[in-house]
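Enquirer: Pasting a structure here, questions to come.
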2 protein chains.
Amino acid sequence: MKKVLLPLLFALPFLSGAQAPSAEKLIKYVKPIIGTQKMGHTYPGATVPFGMVQLSPDTDTLIYEINGKYNPDIYKYCAGYQYTDKTIVGFSHTHFSGTGHSDLGDFLVMPTTGVLQLNPGTADKPESGYRSAFSHENEVSEAGYYKVKLDDHNILAELTATNRVGFHQYTFPKSEQSHIILDLMAGLYNYENKDVWTFVRVENDTLITGYRQTNGWARTRTVYFAMTFSKPFYQYGSKNYSKKEVYKGFWGRFDQGKNFPEMAGKHLKAYFDFKTEEGEKIKMKFAISSVSTEGALKNLQTEIPHWNFDKTRKESQELWERELNKIAIQADNVEDKQNFYTAMYHAFINPTTFMDVDGSYRGLDQNVHKAEKFTNYTTFSLWDTYRALHPFFNLIQPKRNADMVQSMLAHYDQSVHKMLPVWSHYANENWCMIGYHSVSVIADAVIKGNAGFDANKALDACVMTARHKGFDGIDAYMQMGYVPDDKNSSSVSKTLEYAYDDWCIAQMAKKLNRMEIYEEFIKRSQNYKNVYDASIGFMRPKLSDGSFKKQFDVLQTHGQGFIEGNAWNYSLYVPQYPAEMIEMMGGKKRFVTHLDSLFSMELPDAFFAETEDITRDGIIGNYVHGNEPAHHVAYLYNWADQPWKTQERVRMILKKQYHPASDGLGGNDDCGQMSAWFIFSSLGFYPVAPGSEQYAIGSPSVKSAVLQLENGKTFSIEAQNQSDKNVYVQKILLNGQALNRLFINHSEIMAGGKITFVMGEKPVKKAR
Amino acid sequence: MKKVLLPLLFALPFLSGAQAPSAEKLIKYVKPIIGTQKMGHTYPGATVPFGMVQLSPDTDTLIYEINGKYNPDIYKYCAGYQYTDKTIVGFSHTHFSGTGHSDLGDFLVMPTTGVLQLNPGTADKPESGYRSAFSHENEVSEAGYYKVKLDDHNILAELTATNRVGFHQYTFPKSEQSHIILDLMAGLYNYENKDVWTFVRVENDTLITGYRQTNGWARTRTVYFAMTFSKPFYQYGSKNYSKKEVYKGFWGRFDQGKNFPEMAGKHLKAYFDFKTEEGEKIKMKFAISSVSTEGALKNLQTEIPHWNFDKTRKESQELWERELNKIAIQADNVEDKQNFYTAMYHAFINPTTFMDVDGSYRGLDQNVHKAEKFTNYTTFSLWDTYRALHPFFNLIQPKRNADMVQSMLAHYDQSVHKMLPVWSHYANENWCMIGYHSVSVIADAVIKGNAGFDANKALDACVMTARHKGFDGIDAYMQMGYVPDDKNSSSVSKTLEYAYDDWCIAQMAKKLNRMEIYEEFIKRSQNYKNVYDASIGFMRPKLSDGSFKKQFDVLQTHGQGFIEGNAWNYSLYVPQYPAEMIEMMGGKKRFVTHLDSLFSMELPDAFFAETEDITRDGIIGNYVHGNEPAHHVAYLYNWADQPWKTQERVRMILKKQYHPASDGLGGNDDCGQMSAWFIFSSLGFYPVAPGSEQYAIGSPSVKSAVLQLENGKTFSIEAQNQSDKNVYVQKILLNGQALNRLFINHSEIMAGGKITFVMGEKPVKKAR
């Protein structure tokens, strides 16, 4: 009875869209500021779960190149905001969360007072431009709400958002010269000529529409907008910053600089002038669309048909509250809850909605499509997120994850390359990173019974992608069983990841009884063996002639056949066959030595100079948590009969790599992958091989957790005797029965019930 | 009985879409080559009546500026083709007909053999690039069909078209190196940076889609395309010509130059390689759209679902035949028929269709709209075409003209300036020339009972446009009654044309019983008086202080307050009130002296150096037929009691300004205005003041003509005793009754019937 009643009690309010009845407000534990310093690359502004608009302050918008050379400082500004900066340039409407490359930062808006300045000015001299000094004392960053005082202009700026609309509220001082600047040249990862075309119409004295077309990480990207003010401006203008003025034609007869309602050009800024009373609020709603200005206007009118900022803020925060309530945890201290719920927050930002309120969106083929019966998403950082984020969605957001797969299949349908996404955003494939990990996301959904899409069609798309000879060494890989290092960079990483992806395809094919495909890809999944050099016990780049690369450094990443991980880390990348890998590497004992060394060795300083994306903060020994290739590694001790080491490593990583402060993330959050690792590991299990039903058991750090599943059931986790010292699992009970294995199945969770971990301070050293 | 039977007999085959039964093929009289030399600016290629595609050879595509200075040679290439040129660069898909400024020339295609060359090369050394020598002996230019031998490549090129699709047929020699080049950088009135963005997808080995976005005369213009080959290419490639390569991102890992299916950048060319047998035909269909590549593909598949080139050619030519048959003339010699039917052909090219087969089109607001129950048109060269072309349409193409007005009203609805078109093309207003002559076109349709649109709404649009204070001196004009020359260039021309346009609004308002508007605008229509200087008997620039400009040259145009016409010509521009104007200018006698002098005076050479668009060919005395402002002038003798002078002048102009050869037009055809003048005048009457019911009687040059009216009736014109000497009208009978006036009403023609001119060699000198 109890088992039947419980889910009903919890599920009902959920299904009706309300919050769990007894829960305290969880939103208070969300600190969007976590990760905004150094390499976290998160942003502190306002967005709703999986929202299309990410309205956030930018503290700088640097230029990609200086005198033709890459500007290394730009990397800090992937999300536009660095916590240690002292000035804010403005508030722009689109941001990635946690990426290691960037784009976006569209439509930077800045309210100012005094003499009109259209240049941002410099950080050390904010008065040289429109930017403003600010201090964290005057800054509030919550899920769905951001507030800051702009000291130079004496303006209080508040931001909130719906899915497709950013809502600004600026409290001005008394001023005859109040301005709102729309800088259409500002952007993240900006460079000369990134702006391809800009078009703006001042429809009337409160409404402006237009678009910005850029050539950046997304090669061919256009974002349309509609913005509206709560108060009419009394004058407005624009400036064209093209070095060489484009063709003027017969527009020269107009004074286009002032009060001229149609602006167009390659490099444009616009401004709108007001006279304000002390404390006067000017509000602004700013909607975006991938389709048209008409679409943006419809989004605006549909999502916020009023001027009540507080109402929108409340609704936005209620959306967050509802998502956060999907997992209710108990923890010993507030910091653990802040880490956990901020991880939930960061996990629920990407992928982002990519369609108008009517379902229209621009596809990869640049045509306008309509999403029929699914929500179309973009921002697929798949090399990162296939590992834990999408498996997390299969657990706690299965409907959304199925829609994400639908979005990936739509991408495939629209792809002239006939490929599933690699790293895609805004109707573009940017080809960042390696592998064809869409395959893993799709297989994971299929295997876990979450195929709210045509699974056979999806399998075909996976197969087409994995056989694409033109793509990144696949041709050679198919012929030779590995990517030859003399033909292709990161050859070992690619070989290993292709082999894992191939295994995913095989699992799916097997489930769908497509045995020819199964045979082809199960064979390919063995290719990891082809880059293992038994003589040194490491994966190693192999050349076309079958010999291993001679010059080889197991510590370095660059030029060594790897990417974002050296041979120490990548040699452990056979998630599909941990047991076989351990055997290949000399058996369990030798393998444990490798693992122990990885976590404990001391690295030379030179290592850090040459390794991407990480600092000493993001590393434990030679284990790099700030990058993804080793995210499953701590769990591998389970396969070497030393699960207690998995347990202590996981707890160590949770402690060392996450803390609730601006510098609280040891590496890029990578669209939620780092956060998803945290959530899984905190709950006591982790998907070592997505595409499998199994989660490897770790060591929960929560005292308890209740998962509200979309099927109406609940799954509870209890960690008895939980403490910072009691990291070792003594005993596991699943629904009251002893669980004598080191994994739990997805279906066991989805059936609802309870897992109980009995914790202790001493490892239980017995073989599986 | 006869009067009832006749229209039925003629009308029936028409309504069923077939040709008039007894007519000979009229298409043989069409010589598209007329006007392709010097200033006619027509093109010899293939198009259908009012077709969206104008597929035509370009003999050069020059750059607008050389070292920052305007290149005067570019003017010759407004339509891409100059008859005296010896080489062809390629065949592009969009052309203006007869304009004095340019744009378009989109998607230049060139078939070649031998070593691949992607640059056009120079005219004096065609082997330096892909261009080819050709000779007129190997050239055929017909309505709807064009053929030429490309000597350098030994390829026979044939072109035909449907509304939205160009159909190419290339007969190759045997070659291992046959190419079809798609030059996406070529274009008319080209200049560096005109290409904003180009995007191409090779969908499969016979289908390519994409778009070209330019910043030219149209500031923000995008044309989408879909092209398909009858035979698969065996390889293909592209080249990016950006001086500074745009951001490469992670595309750098691909070899994008060869066999890579997605091309994008600012400056692109593509090529497709074939191996051909002797005499092998490769066909290509090329569709365009303003909406999307999807739209272009739909246009392609709908309009030409086969590979039968001859069938399409036949259908295209049948469309022309049907249009030409709307007026069946008898003339003394073949040249007269060639002149006449080529004028019909040129009159029926513009405005051009601007929507996909499903009615979708891109609007001025850059959004996609759907034309409901009308055909959307673009290419409105209104300063030219309001005079005779649109009145001609009201007579012989009333349905299309009403749709053109609908298109202008849609433009108004989409205009952020809340203005009707001035000079618009391809979802852009280019603001070329002066006045708000949409008003004249709309009034003419309303007054003539051809308002297949909401006339009251149209009137509102006219009023909004005419009151637009931000536009071109209207503010001052409304305050002071004239455009002050110290504030605005071409001040006299603007004042005069505004006054005429205002009269049009008044006429319409009166008919719609909107008397307040009538009063306002009938008053404005008198403003012509404000720029008349009685002391010299000429219109003259007036300054803000009310005084006339001191330095003033009645022969010059530039800087004298006029545009495309000097004081001699423009002083006669009061088409709404000829009698009052004559009175103002000192009475009939003095007026006739002015007119006589105009037609007979000798001009200094310096005049030609400084006057736009005309040579000695386009001028008779100081009467400039090659420009438009004096197009009504020969008819003004009617109001001065000397109609015989109208008769002889009109016949002289018909003879001197038009002949059936490449240099047969004395000035820009201006989207059909020159041709429409020819047609009206040949038939014996002309609309001096569009917006009025009346046509002024001239002297017909045809022996007879039968007009097939859309209302099913016919109107016949007979010129008894017609000859080159017998240019004087002795007597006029309308339906057998003497017509004792110098005008005929539109309604009299539309009622069907017959007008008989009895001609003679002596003028009949009696007062009206």
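Enquirer: Using a Cα-Cα cut-off of under 13 Å, which aspartates and glutamates could be cross-linked to B:Lys725, ignoring same-chain neighbours fewer than 8 residues away?
Expert: Partners within reach: B:Asp332, B:Glu648, B:Glu761.
Enquirer: Evaluate peptide A:249-255: per residue, the Cβ atoms of other protein chains within 10 Å of its Cβ; return the mean as an integer.
Expert: Details: counts 12, 10, 4, 1, 7, 5, 1.
Averaged over the peptide's residues, the number is 6.
Enquirer: Further, regarding this structure: If packing is taken as the average count of other Cβ atoms within 10 Å, what order do B:412-424, A:110-122 fall into, highest mean first?
Expert: Numbers: B:412-424: 21.5, A:110-122: 18.7.
Those peptides, ordered most packed to least, come out B:412-424, A:110-122.
Enquirer: Provide A:Lys766, B:Lys275, A:Lys703 in ascending order of the number of other Cβ atoms located within 10 Å of each residue's Cβ, fewest first. Write down the numbers at each step before the final one.
Expert: Details: A:Lys766 8, B:Lys275 14, A:Lys703 18.
Sorted ascending by nearby Cβ count, the order is A:Lys766, B:Lys275, A:Lys703.
Enquirer: What do you get for Rg/Rh over the stretch A:632-701 if you use C-alpha atoms and the Kirkwood form of Rh? The partial results should precede the final answer.
Expert: On the way: Rg = 12.1 Å, Rh = 12.4 Å.
With Rg and the Kirkwood Rh in hand, the quotient comes to 0.98.
Enquirer: Do any GluC sites (Glu not before Pro) in the stretch B:317-379 lie in a DSSP loop with no more than 11 other beta carbon atoms within 10 Å, and if so, which?
Expert: Details: sites: B:Glu318, B:Glu321, B:Glu323, B:Glu335, B:Glu372; in loops: B:Glu372.
Within the stretch B:317-379, the qualifying GluC sites (Glu not before Pro) (loop, at most 11 other Cβ atoms within 10 Å) are B:Glu372.
Enquirer: Report the charge-dipole magnitude of the stretch A:36-322 in Debye, nearest 20, computed about the Cα centre from +1 at each Lys and Arg Cβ and -1 at each Asp and Glu Cβ.
Expert: Working: 33 positive and 34 negative charges, 147 e Å.
Value, rounded to 20: 700 debye.
Enquirer: OK, next. Would you work out which of A:Tyr658, A:Leu707, A:Gln551 lies farthest towards the positive end of the dipole of chain A, given +1 charges on the beta-carbon of Lys and Arg and -1 on that of Asp and Glu, about the Cα centre?
Expert: A:Leu707
Enquirer: To continue, here is another question. Which whole number in µm²/s is D for chain A by Stokes-Einstein, with the Kirkwood Rh taken over Cα pairs at 10 °C and 1.306 mPa s? Provide the component values of the computation, followed by the final result.
Expert: Values: Rh = 26.9 Å.
This corresponds to a translational diffusion coefficient of 59 µm²/s.
Enquirer: Charges at C-beta only: +1 for Lys and Arg, -1 for Asp and Glu. How large is the resulting dipole of the stretch A:36-153 about its Cα centre, in Debye rounded to 20? Before the final figure, lay out the partial values.
Expert: On the way: 8 positive and 14 negative charges, 19 e Å.
Here the size comes out at about 100 debye.
Enquirer: Neighbour counts of other C-beta atoms within 10 Å: give me B:Met39, B:Met478 arranged from fewest to most. Don't skip to the answer; put the middle values down first.
Expert: On the way: B:Met39 22, B:Met478 16.
Sorted ascending by nearby Cβ count, the order is B:Met478, B:Met39.
Enquirer: Note down the magnitude of the dipole of the stretch B:326-760 about its Cα centre, charges +1 on Lys and Arg C-beta and -1 on Asp and Glu C-beta and zero elsewhere, to the nearest 20 debye.
Expert: Values: 40 positive and 48 negative charges, 236 e Å.
Approximately 1140 debye in magnitude.
Enquirer: Evaluate the relative contact order of chain B (contact order divided by residue number), counting alpha-carbon pairs under 8 angstrom at least 6 apart; express in whole percent.
Expert: Values: 1876 pairs, mean separation 97.2, N = 768.
Value for chain B: 13 percent.
Enquirer: Lys/Arg Cβ at +1, Asp/Glu Cβ at -1, dipole of the stretch A:384-503 taken about the Cα centre: which of A:Leu459, A:Met480, A:Met404 is farthest positive-ward?
Expert: My answer, from the dipole projection, is A:Met404.
Enquirer: So which lysines pass the test for B:Lys269, namely a Cα distance under 18 Å, with those fewer than 8 places away in the same chain ruled out?
Expert: Filter leaves B:Lys194, B:Lys239, B:Lys243, B:Lys244, B:Lys248, B:Lys258.
Enquirer: Taking each label point as 7 Å beyond Cα in the direction of the beta carbon, state the distances from B:Asn138 to the same residue in the other copies, shortest first, in nm.
Expert: Shortest to longest, the spacings are 7.8 nm.
Enquirer: Going by alpha carbons, how many degrees (0 to 90, nearest 10) lie between the helix axis of B:491-511 and the longest principal axis of chain B?
Expert: Rounded to the nearest ten degrees, it is 80.
Enquirer: Shifting gears a bit: For peptide A:424-437, how many partner chain Cβ atoms fall within 10 Å of a residue's Cβ, on average?
Expert: The per-residue average across the peptide is 1.
Enquirer: What chymotrypsin sites (Phe, Trp or Tyr not before Pro) does the stretch B:183-239 have in DSSP loop regions with at most 14 other beta carbons within 10 Å? Each step should come with its number before you reach the end.
Expert: Numbers: sites: B:Tyr189, B:Tyr191, B:Trp197, B:Phe199, B:Tyr211, B:Trp217, B:Tyr224, B:Phe225, B:Phe229, B:Phe233, B:Tyr234, B:Tyr236; in loops: B:Tyr189, B:Tyr191, B:Trp217, B:Phe233, B:Tyr234.
Here the sparse-neighbourhood loop sites are B:Tyr234.
Enquirer: When each copy gets a label point 7 Å from Cα toward the beta-carbon at A:Pro232, what are the spacings between them in nm, shortest first?
Expert: For A:Pro232, the inter-copy label distances come out at 6.4 nm.
Enquirer: If R₀ is 35 angstrom, what is the calculated FRET efficiency for the pair A:Asn740 and A:Glu516, using the beta carbon separation as r and rounding to 0.05?
Expert: According to the calculation, E is roughly 0.40.
Enquirer: Can you give the three extents of the C-alpha atoms in the stretch A:306-431 along their principal axes, from longest to shortest, in whole Å?
Expert: Principal-axis extents of the Cα atoms in the stretch A:306-431, largest first: 52, 41, 23 Å.
Enquirer: Can I ask one more? For the protein assembly as shown, just run the numbers: alpha carbon Rg, then divide by 2.2 N^0.38 Å, N being how many residues it has. Walk me through the intermediate numbers first.
Expert: Working: Rg = 37.9 Å, N = 1536, 2.2 N^0.38 = 35.7 Å.
Rounded to two decimals, the normalised Rg is 1.06.
Enquirer: Work out the P(r) tail for the stretch B:32-321: percent of alpha carbon pairs separated by more than 26 Å, whole number. Walk me through the numbers on the way to the answer.
Expert: Numbers: 15911 of 41905 pairs.
The answer is 38 percent, as a whole percent.
Enquirer: Next question. What does the C-alpha gyration tensor say about the overall shape of the stretch A:360-423? Classify as rounded when a/c is under 1.5, otherwise prolate if a/b is larger than b/c, or oblate. Write down the numbers at each step before the final one.
Expert: Working: a/c = 2.64, a/b = 1.44, b/c = 1.84.
It is oblate, given that a/c is not under 1.5 and a/b is not larger than b/c.
Enquirer: Past the 23 Å Cα-Cα mark, which pairs from B:Lys25/B:Lys149; B:Lys731/B:Lys762; A:Lys326/A:Lys370?
Expert: Working: B:Lys25/B:Lys149 26 Å; B:Lys731/B:Lys762 12 Å; A:Lys326/A:Lys370 30 Å.
B:Lys25/B:Lys149; A:Lys326/A:Lys370, as the Cα separations exceed 23 Å there.
Enquirer: Cα axis of helix A:588-600 to longest principal axis of chain A: angle in degrees, 0 to 90, nearest 10?
Expert: 30 degrees
Enquirer: Taking the convex hull of the Cα atoms, report for the stretch A:326-760 its projected area averaged over all directions, in nm². Can you show the working numbers first?
Expert: Numbers: hull surface 80.1 nm².
For the stretch A:326-760, the mean projected area of the Cα convex hull comes to 20.0 nm².
Enquirer: Among B:453-466, A:481-494, what's the highest-first ranking by average C-beta atoms within 10 angstrom per residue?
Expert: Values: B:453-466: 19.7, A:481-494: 22.9.
Highest mean packing first, the order is A:481-494, B:453-466.
Enquirer: Provide a whole-number value for the mean count of partner chain Cβ atoms within 10 Å of the Cβ atoms in peptide A:257-265.
Expert: Details: counts 0, 0, 1, 3, 5, 8, 1, 5, 3.
Average per residue, whole number: 3.
Enquirer: Output the 0 to 90 degree angle, nearest 10, between the alpha-carbon long axis of helix B:398-414 and the longest principal axis computed from the alpha carbons of chain B.
Expert: The two axes meet at around 70 degrees.
Enquirer: Also: Please turn the phi angles of the stretch A:70-82 into ³J(HN,Hα) values with the Karplus equation 6.51 cos²θ - 1.76 cosθ + 1.60 (θ = phi - 60°), one per residue in order, whole Hz, x for glycine and proline.
Expert: For the stretch A:70-82, the Karplus curve yields 3, 8, x, 5, 5, 4, 4, 9, 4, 10, x, 10, 10 Hz.
Enquirer: A further question on this structure: Percent relative contact order of the stretch A:326-760, based on C-alpha pairs within less than 8 angstrom and at least six residues apart?
Expert: Answer for the stretch A:326-760 is 17 percent.
Enquirer: Give the nm distances, rounded to one decimal, from A:Lys725 to the matching residue in every other copy, measuring between label points 7 Å along Cα toward the beta carbon; shortest first.
Expert: The projected label point of A:Lys725 is separated from its counterparts by 13.2 nm.
Enquirer: What list do you get for A:Val196, B:Val89, B:Val200 if you sort them by fewest beta carbons within 10 Å? It would help to have the intermediate numbers written out before the result.
Expert: Numbers: A:Val196 20, B:Val89 27, B:Val200 24.
Ordered by Cβ neighbours within 10 Å, fewest first: A:Val196, B:Val200, B:Val89.
Each reported figure results from applying straightforward, stated rules to the coordinates on display, with no laboratory input. Keep in mind it's a predicted model, so treat the numbers as computed, not measured. All Cβ positions, even for glycine, are placed from backbone atoms using ideal geometry, and neighbour counts span all protein chains on display.
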